[in-house]
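Undergrad: First, the structure itself, so that you have it in front of you.
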């Protein structure tokens, strides 16, 4: 959790959502409200980057007591998704995939990371799912997190 919240390791990922249970519960939606930004600023992505929200999340949970539970959902940026789709060799194309997600679940005695893939079309082929699992395992190992 320290690596997630206090370093730039996950900064390139998109922030989809977070749920934090403490004395009160927080739910943070990572979708950008494009009406908030100046019209001359072109925003082409749907979600903010983890690096843009990381300090806000950290400020919510810092203190003497750990959260009772926390769920953070990150997504691979579109460029990384496209690259992974192309290199996987499977039948799916970039336009077939809505997102590739990393779900981080924390409780005081447990931390788990799971991957998920949201496809726009049905397929029995799991090539891309396996490629994303392998990518995630390499990512964590290269950063000495697994």
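Quick note: the coordinates plus some simple rules give every number you see, no bench work behind them. Note that this is a predicted model, so its numbers are computed, not measured.
Undergrad: Nearest 10 degrees is fine. How inclined is helix 50-61 to the longest principal axis of the chain, computing both from alpha carbons?
TA: Here the helix axis deviates by roughly 30 degrees.
Undergrad: Still on this model: Hey, how many Å between the Cα centroid of region 93-116 and the Cα centroid of region 9-68?
TA: Using only Cα atoms to place each centre, the spacing works out to 16 Å.
Undergrad: Here's something else I'd like to know. Once you keep just the Cα pairs under 8 angstrom separated by 6 or more residues, what percentage relative contact order results for the chain? List each step's numbers first, then the result.
TA: On the way: 207 pairs, mean separation 30.7, N = 146.
Relative contact order here is 21 percent.
Undergrad: May I ask for log10 I(q)/I(0) of region 76-142 at q = 0.19, 0.25 Å⁻¹, from a Debye sum over the Cα atoms as equal point scatterers with solvent left out?
TA: The Cα Debye sum returns log10 ratios of -0.73, -1.13.
Undergrad: If you take all C-alpha pairs in the chain, what percent of them are over 24 Å apart?
TA: Numbers: 3992 of 10585 pairs.
Within the chain, distances greater than 24 Å cover 38 percent of Cα pairs.
Undergrad: Additional query: Grab the Cα-Cα distance for residue 143 and residue 25, subtract it from 0.36 nm times how many residues apart they are, and report the gain in nm with one decimal. Intermediate results must be reported in sequence, preceding the final value.
TA: On the way: separation 118, 0.36 × 118 = 42.48 nm, distance 3.09 nm.
My answer for the length gained is 39.4 nm.
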